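The values are calculated or read from the model by the stated rules, or taken from the named source; none is laboratory data. Just so it is clear, the structure is predicted and the values come from calculations on it, not from any experiment. Every residue, glycine as well, gets a Cβ built from its backbone with ideal geometry; the counts of neighbours run over all protein chains shown.
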Amino acid sequence: MIKTLLEFSQSTGIYGFMNSAWGWPIAESLHFVGLCLIIGTVGVFDLRLMGLAKATPLKALHRLVPLGVAGYLLNVTTGIMFLTTAPDQYLFNPAVQTKLLFMLIAGINMLFFYATTATATRATPALAQAPLRARVIGTISLTCWLAVIVCGRLITYYRPPYHWYFWCQ
């Protein structure tokens, strides 16, 4: 798996770019911008679902969701760049695995929101509290995204055991 990811990275030019003088800093900066877009839109929407800023209509906040999606796509792109450039540092890292788990939970939570609650939530007038299900979904979403941020910061502090490198080759 590690060899395959490295070969992909090298054949697409990602490896060369990431190992240039500005590659990693540019990718990290773009990853941070993507995170800001996610938290700045999805986070604010979740806080409103949870009951803060009730004067702001949920329908108006929902228009910001495409910015959050753009941030998510930016982070997926830069995350793939990190992973394929140094797969041995990411594949077996418990912080990365936990981060991906919380991203999965957030994604399932979002799908559940749109399948069960979004229509009723959009109809919630300003100054009104969102339905209980929406408040719970917002709390789960915000908790997941905060956990993603924490796990992202912990990635550099957890390295897989040295013997994993030999086992994976």
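Figures for the structure shown
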| item | result |
| --- | --- |
| Matching residues, the range 53-63, being surrounded by 15 or more Cβ atoms within 10 Å (Cβ to Cβ) and not β-branched (Val, Ile, Thr) | LYS54, PRO57, LEU58, LEU61, HIS62 |
| Elements of type helices (runs of 4 or more DSSP H) in the range 102-169, at least 3 residues being modelled with pLDDT of 85 or more | 118-122, 132-154 |
| Residues of the range 24-52 that turn out to be touching a residue at least 12 places away in the same chain (Cβ under 8 Å), assigned to a helix (DSSP H, G or I) and either of a type in the set (A, V, I, L, M) or surrounded by fewer than 16 Cβ atoms within 10 Å (Cβ to Cβ) (or both), as a count | 15 |
| Conditions (1) over 19 Å from the mean Cα position of the chain (by Cα); (2) farther than 30 Å from LEU127 by Cβ: number failed by LYS54 | (2) |
| Filter result for PHE45 (under 25 Å from ARG135 (Cα atoms), of a type outside the set (Val, Ile, Thr) and out of contact with any Asp or Glu (no Cβ under 7 Å at 6 or more places or on another chain)) | yes |
| Which listed residue is surrounded by fewer than 19 Cβ atoms within 10 Å (Cβ to Cβ) and without any contact (Cβ under 8 Å) to a residue 40 or more places away in the chain, from LEU91, LEU67 | LEU67 |
| MET1, sole failed condition from (1) in contact with a Gly (Cβ under 6 Å, 6 or more places away or on another chain); (2) more than 19 Å from MET103 (Cβ to Cβ) | (1) |
| The range 1-23, residues that are modelled with pLDDT under 85 and not in a helix (DSSP H, G or I) | MET1 |
| Test: SER9 is of a type in the set (Ser, Thr, Tyr) and either in contact with a helix residue (DSSP H, G or I) (Cβ under 7 Å, 6 or more places away or on another chain) or surrounded by 15 or more Cβ atoms within 10 Å (Cβ to Cβ) (or both) | yes |
| Number of the condition not met by MET1 [criteria: (1) over 22 Å from LEU146 (Cβ atoms); (2) surrounded by fewer than 19 Cβ atoms within 10 Å (Cβ to Cβ); (3) without any contact (Cβ under 8 Å) to a residue 60 or more places away in the chain] | (3) |
| Hits in the range 72-82 - residues which are over 12 Å from the mean Cα position of the chain (by Cα) and surrounded by 17 or more Cβ atoms within 10 Å (Cβ to Cβ) | MET81, PHE82 |
